[in-house]
Structures are given as C-alpha cells and as structure tokens.
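Presented below is the structure to which this report refers.
The values are calculated or read from the model by the stated rules, or taken from the named source; none is laboratory data. No experiment lies behind these values; they were computed from the predicted model shown. As a convention, Cβ positions derive from the backbone with ideal geometry for all residues, glycine included, and neighbour counts pool all protein chains shown.
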Amino acid sequence: MRYLPSAPSEDRALLDAIGVGSAEDLLTGIPAALRLNRSLDLPPQQSELDVLRTLEEMAARNTRFRARFLGAGAYDHFVPSAVDTLTSREEWFTAYTPYQPEVSQGTLQHIFEYQTLVADLTGLDVSNASLYDGGTSCVEAALMAVRLQKKKNTILISQGLHPHYQEVLCTNITPHEGLKLVQVALTAEGVTDLDDLKAKLDGDVAAVLVGYPNFLGCAEDLQAIAAITKPAGALLVSVTQEALALGWFEAPGKLGADMACGEAMSFGNRPSFGGPFLGFLAVKDAHKREIPGRVVGQTKDLEGRTGYVLTLTAREQHIRRDKATSNICSNQGLVALRANIFLQLAGPEGLKGLAAQNVAKAQYLRQRLLEVPGFEAVHGAPTFNEFTLRYRGDLKALQQACLAAGILPGLDLTPYGEPLKGCILWCATETTTREQVEQLIEVLARIPVHA
C-alpha cells in the first residue's frame, strides 16, 4: 500500500465533511469489549533507517538456502523485475469487484488477456478469471463435471494426483451426498494404470482427473487415457501442478482433455513462505455456461471502442450461495496479473526456452545423483523438471547434511505411502546452476551408505 500523508488539519477537514467528531467515532459499530483500548505494543518511534535495520535483523533470522531442489507444487523460478514494476501501474488500481465496467476497464482488460493466455496454453476454448489455487481448481472441475454429466455420481482420480489436491477434493466432495471419489492405481513406471482405469470406468463415472505431469514428476499419456475415457462417456480433466510444463508438453486440450486445471503461480510469482497461489481452469466451448468464477468478454461500446465486461456467468454465482453453481466469488486478481505480464514478456519462444532449461537441468541433476552411492532410479516415464529417486541410506542424515550446507533437498515421499518409502522427489528449474548441483553432490557423497 502506498504511503498517503495527511496533516492534522486535513484529517479534521475530512471528519467535519462527514459529520464525525473523531476517528474513534467511526468504530462505534464494533462492540466495546472487542476494542483495544490502549496503544499497540510497539517499540518507540524510530527513524526510517533504524526501522530498516530492525527489519533486516528480523529477516536475517530466516533460513536462507544457497540452493533449492524442492518442488512438489511450489517452484522456484526467476521473476523479471519488469513484472514488479508493471504490476504497480495505475491501470490496475480499479474496482476489486468489477461489476461496473465503466470504472473497471484496467482490471477487466488484464483478466481478459490472462484468460486468453490460459486458453492458448491449455488448447481449450474458454478460461475463467482464476481460482484460489490448484487444489480448489480440482474441486471446481470435478463439481462442474458432475453438473454437466447429469445423474453420474463418481469421480475417478489417478493416484498420481498431488496428495494435497486429493485431500482438498475429499474435503469438498464428501459433504455432497451421493458423490464418490475412487482412486485409480499407478503402474511401476509411475503413471496411471490403464487396465485399472478401464475396470473402474462404468456408467456412473462423470470425470477422470489425471496429473499432467503428475505428483511424482512423470508425464501421463493423456491421449491414451482419453481413448479409454471418451467411449465410456466420462470427461477427462488434466491437472497441472507446474504450469511451466505447458511450455514443453503438448496442450492437454489437443490430446483429448475436456478440461484443464491446476496451479499457475510459476508464472511471475514467487513461492514466498508457501504462497500466494493461482488456480486456473479452462474448458471446451460447449461447457462454458457451467464454468465457475468470473469470465470477462470483449465487446464494443456505442462509439465503437473496444471494451471489456463480465459475461456468461449469472450474478447469483457471486451473491446468492443457495442459487450458486459455485461459491467462488473472487479471483486471485493480483497473482493473475503477474502471470499475465510474465507470459507476455516471455512470449511463446521465451516460455519454450525456459521450459527447455528446466528439462535439461533436471536431467543433469538426475544423472549426477544416480552416480552417488545409495541412489537408484524408481520410474522410467518421461519427466519435466522433477523426478523421483530411491535412497538406500539414512534420509534424516541426508536432510541434516543438506541443511547444514545451506541446501534445501528434495521432498521425502515416505509419508505418502509404503510404495514410496525411502524415495525423494527432486526438482531443478532454470534458477539451478551447475555449481549448485555439484555442491549438492559433494555433500551427498560424504554421507556413508551401508549396503
């Protein structure tokens, strides 16, 4: 928020204009028992320089890693300084809820552009104006599929879907009486078991949700899954937890997906203490009337000038919970704006180049790790920027050694089920350097591994 200075005389003039005796009188609607009738417990006033030093001392207590190899849904990518600069421009300081297009053109235009970019990346026709995060986008896609597939009550989810997304699905689907979530197993290669999928696809299945790539880093064969799903009358939903992968993999809509959803915070946003996140959802044109959240359309005013307005969705979706198709009544506007600016700065070739760096650096990291005693391959499926390896040594010793060296290691997958015991999910992005990989290898090589 910008600093807006005001003199006591200006404050008095404002209060007089609205007929209020003091600023405290504005709080009369808050019960007295809930008010803090004293000053905040803060240190005495300081100069700007002293305040800055104090904050720097506090920030220094955080752990700062020289290298990061942790992904699993939140990825460390480079964010050009232009994203921060352009995001602060006044065009975007319009109404938070853009019901009045005449005063909200900046917000509406950037949302429209964001939707266009998501539609291009996913190979689908219509995108909404963003959701809270990847997990809630899965929920909205699943519920949307049930609305479209009337009288069908089962949702199949691949075991390769992010475990946190699965938890969010379970939490939100369980209260809907009659709806069922059924898991589809993975093969030894780390991808969805097509035989198990065929066995569970019956007339009650509304949709199949598959990671693309999945939680273990493996690339699913959406075309093969679509060939099984479509004849059974179910909708195929691709779920992407690492949006940069869409700069490398074929668009899910072109491979047979009816919907594409997931997490897009990798575009122009930082994993700052676990957020903020940016859920996306794109669908085919035939399904646009059931899409949740906001949709912005382009039009012309009476003088022929281009303008932007909310369209398609009913207002009940925002103001009447009992009549709503969804209770998503907001969107991650600022996070979507940053994604929009990042994608336009990168362009198609820039995005592909970034994705290529992720692939190459992840492959190099995997190759070097497999040369360290104790590591062995787990899955053979193609990957993007993360992959799973099993470690025969002491995982706690590995973690402690890495942290002591200022390195954030990959994710220990042991808590996610017996088949993943002793496995680590490693990640490399364009920010990973050869020197960082070699430092990691040097640290790991010093850990004794007993046969």
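Structure summary
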| quantity | calculated |
| --- | --- |
| Elements of type strands (runs of 3 or more DSSP E) in the stretch 127-234, at least 2 residues being surrounded by 21 or more Cβ atoms within 10 Å (Cβ to Cβ) and hydrophobic (A, V, I, L, M, F, W, C) | 154-158, 205-211 |
| Flag if residue 257 is under 27 Å from residue 221 (Cβ atoms), in contact with a Gly (Cβ under 9 Å, 6 or more places away or on another chain), at pLDDT 95 or above and assigned to a loop (DSSP other than H, G, I, E, B) | yes |
| Within the stretch 185-239, tally of residues that are in contact (Cβ under 8 Å) with a residue 40 or more places away in the chain and among the β-branched types (Val, Ile, Thr) | 6 |
| Test: residue in the stretch 15-31 that is in a loop (DSSP other than H, G, I, E, B), without any contact (Cβ under 8 Å) to a residue 24 or more places away in the chain, of a type in the set (Asp, Glu) and not assigned by TED's automatic domain parsing to the domain that holds residue 243 | no |
| Search result, residues across the stretch 332-350 that are among the hydrophobic types (A, V, I, L, M, F, W, C) and crowded, with 20+ Cβ neighbours inside 10 Å | 335, 336, 337, 339, 341, 342, 343 |
| Residue, modelled with the lowest pLDDT, within the stretch 300-326, restricted to residues that are part of a loop (DSSP other than H, G, I, E, B) and loosely packed, with under 12 Cβ neighbours inside 10 Å | 315 |
| Hits in the stretch 406-421 - residues which are part of a loop (DSSP other than H, G, I, E, B), farther than 15 Å from residue 162 by Cα and in contact (Cβ under 8 Å) with a residue 12 or more places away in the chain | 406, 409, 410 |
| Pair list, Cβ < 6 Å and 6+ apart or interchain, from the stretch 271-287 residues that are on the phi < 0 side of the Ramachandran plot and in the same structural domain as residue 257 (by TED's automatic domain parsing) to residues that are outside any strand (DSSP E or B) and exposed (fewer than 15 other Cβ atoms within 10 Å of the Cβ) | 284/125; 285/125 |
| Tally, over the stretch 58-86, of residues that are free of Cβ contacts under 8 Å to residues at least 60 places away in the same chain and more than 23 Å from residue 408 (Cβ to Cβ) | 3 |
| Selection within the stretch 271-289 - farther than 16 Å from residue 118 by Cα and surrounded by fewer than 17 Cβ atoms within 10 Å (Cβ to Cβ) | 272, 273, 274, 275, 276, 286, 289 |
| Hits in the stretch 361-386 - residues which are of a type in the set (Gly, Ala, Ser), farther than 13 Å from residue 69 by Cβ and not in a strand (DSSP E or B) | 374, 380, 381 |
| Residue count for the stretch 374-401, restricted to those that are under 19 Å from residue 450 (Cβ atoms) and surrounded by 15 or more Cβ atoms within 10 Å (Cβ to Cβ) | 11 |
| From 440, 389, 398, residue being at pLDDT 95 or above, in contact with a Cys (Cβ under 8 Å, 6 or more places away or on another chain) and assigned to a helix (DSSP H, G or I) | 440 |
| Residue match in the stretch 258-265 (condition: free of Cβ contacts under 8 Å to residues at least 12 places away in the same chain and of a type outside the set (Lys, Arg)) | no |
| Test: residue 447 is in contact (Cβ under 8 Å) with a residue 24 or more places away in the chain and within 21 Å of residue 164 (Cα to Cα) | no |
